[in-house]
Structure formats: C-alpha cells, structure tokens
Amino acid sequence: MMLALPREVVLTETESGAVLLNEKDGRFWRLNGSGTVALRLLLEGRTPQEAAERLSGGERFRERALADVRGLVDALRAAGLVVVR
C-alpha cells in the first residue's frame, strides 16, 4: 500500500506533530508526534508493519502500534486526506 496526499492537502510539521490542511475546503486536522512519524513513513512508501516497528521500539508493543497505524490510515482515508496509489 503506497499512500499519497491529494493535491489539495498540505502537510505542515509543528513542534508537537503536524497539521494537515485541505486547501479546497479550509478544514484542518492535527496529528500528534507519533501520528506524524507514522504518516511520514507511509508517505515514503513504508508498510504499516514497518511504521509500527519504528513506533513500537520492540516486540512488546508492536501489535498495538500496528493497530494504531491502521486506525490512522483508515481515519485519514475516510477524511480524504490520503489516497492509496
């Protein structure tokens, strides 16, 4: 799964994470630091499993991190903030 931002969505990193702005309708969404790391990795072509590995720092929390990454992807897709290529 390769994610991309639609043309009308701009990602801007902040001190505490990032903001996704839909320039078409003016709506914006905030991501915390972990969400920002996960999104950046996915936009670079990494898999959700690879993003979860990076976020979890080990096997103990990998399943939870993977569920969180998948939930983030689902939410961003539903909001029209990312597309699958």
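The values are calculated or read from the model by the stated rules, or taken from the named source; none is laboratory data. Nothing here was measured: the structure is a model prediction, and the numbers come from that model. Counting neighbours? That spans all protein chains shown, and the Cβs are built from the backbone with ideal geometry, glycine included. For accessibility, only protein heavy atoms count, side chains too; no ligands or nucleic acids. Shrake-Rupley method; radii C 1.70, N 1.55, O 1.52, S 1.80 Å.
Odds and ends about this structure:
- Selection count, segment 1-21, where residues are part of a loop (DSSP other than H, G, I, E, B), touching a residue at least 12 places away in the same chain (Cβ under 8 Å) and over 22 Å from GLY45 (Cβ atoms): 1
- Extreme residue, farthest from VAL82 (Cα to Cα), among residues of segment 1-31 that are open to solvent by 50 Å² or more (accessible area, probe 1.4 Å) and polar (S, T, N, Q): SER16
- Residues of segment 45-85 satisfying the condition of being assigned to a loop (DSSP other than H, G, I, E, B), open to solvent by 60 Å² or more (accessible area, probe 1.4 Å) and not acidic (Asp, Glu): ARG46, GLY57, ARG60, PHE61, ARG85
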